[in-house]
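Asker: Would you mind keeping the following structure in view while I ask a few things?
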Amino acid sequence: MPRVKRGNKRVQRRKKILKLAKGYRLTKSKLHRSAKESVDRALRFAYRDRRAKKRDFRSLWIIRVGAAARKHDLSYSKFMSGLKKASVALDRKTLAEIAVKDPETFAQLTETAKAALAAA
C-alpha cells in the first residue's frame with residue numbers, strides 16, 4: 001500500500017480547531033489534542049443549549065403572563081382557556097410583552113377572557 005503524505009490538509013484541520021479554541025485558557029488554546037477535546041465539548045453544549053433556550057424562554061413567558069393574570073384575579077390556566085374560548089390567538093411571547101409593556105391592554109385581555117369563561 002502506498003504511503004500517503006497528508007500535506008496541507010492536516011495543517012488546515014489543526015488550524016481550524018485552534019481557531020475555534022482561541023480564548024481558551026492554558027494548553028486548551030495551544031495544543032491540538034486538548035483544544036480538540038475542549039472545542040468538541042463546547043460545541044456539544046452549544047447544540048444542547050440552543051434547544052434549552054427555547055424551553056427557558058417559554059417558561060419565562062408563562063411565568064410573566066401568569067403573574068399579570070393573577071393581578072386581575074385569574075389563574076394562568078383560566079386566562080389561557082378564556083382566551084382560547086374567545087378566539088384570541090396570541091402566543092405566549094406576545095402576551096408576556098403586552099403584560100410587561102402595556103398593562104391596560106392586558107387588562108382588556110383579562111376582561112375578554114373572563115367574559116368568555118362566563119359565557120361558556
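Asker: Filter segment 77-89 down to the residues that are loosely packed, with under 14 Cβ neighbours inside 10 Å and either in contact with a helix residue (DSSP H, G or I) (Cβ under 7 Å, 6 or more places away or on another chain) or at positive phi (or both) and list them by number.
Answerer: Ser87
Asker: Report, ordered by the first and then the second residue, all pairs with beta carbons closer than 7 Å, sequence separation of six or more or different chains, a first member in segment 58-73 that is within 17 Å of Thr112 (Cβ to Cβ), and a second member that is part of a helix (DSSP H, G or I) and β-branched (Val, Ile, Thr).
Answerer: Partner pairs satisfying both residue conditions: Ala69/Thr110; His72/Thr110.
Asker: Which numbered condition trips up Val4, out of (1) among the β-branched types (Val, Ile, Thr); (2) farther than 18 Å from Val100 by Cα; (3) in a helix (DSSP H, G or I)?
Answerer: (3)
Asker: For segment 2-57, name all the residues that are charged (D, E, K, R) and closer than 30 Å to Lys93 by Cα.
Answerer: Of everything in segment 2-57, those that are charged (D, E, K, R) and closer than 30 Å to Lys93 by Cα turn out to be Arg44, Arg48, Asp49, Arg50, Arg51, Lys53, Lys54, Arg55, Asp56.
Every number here is computed from the coordinates shown, using simple stated rules; none is lab data. Remember, it's a predicted structure, so these values are computed and weren't measured experimentally. FYI the Cβ positions are ideal-geometry reconstructions off the backbone, even for glycines, and counts take in every protein chain you see.
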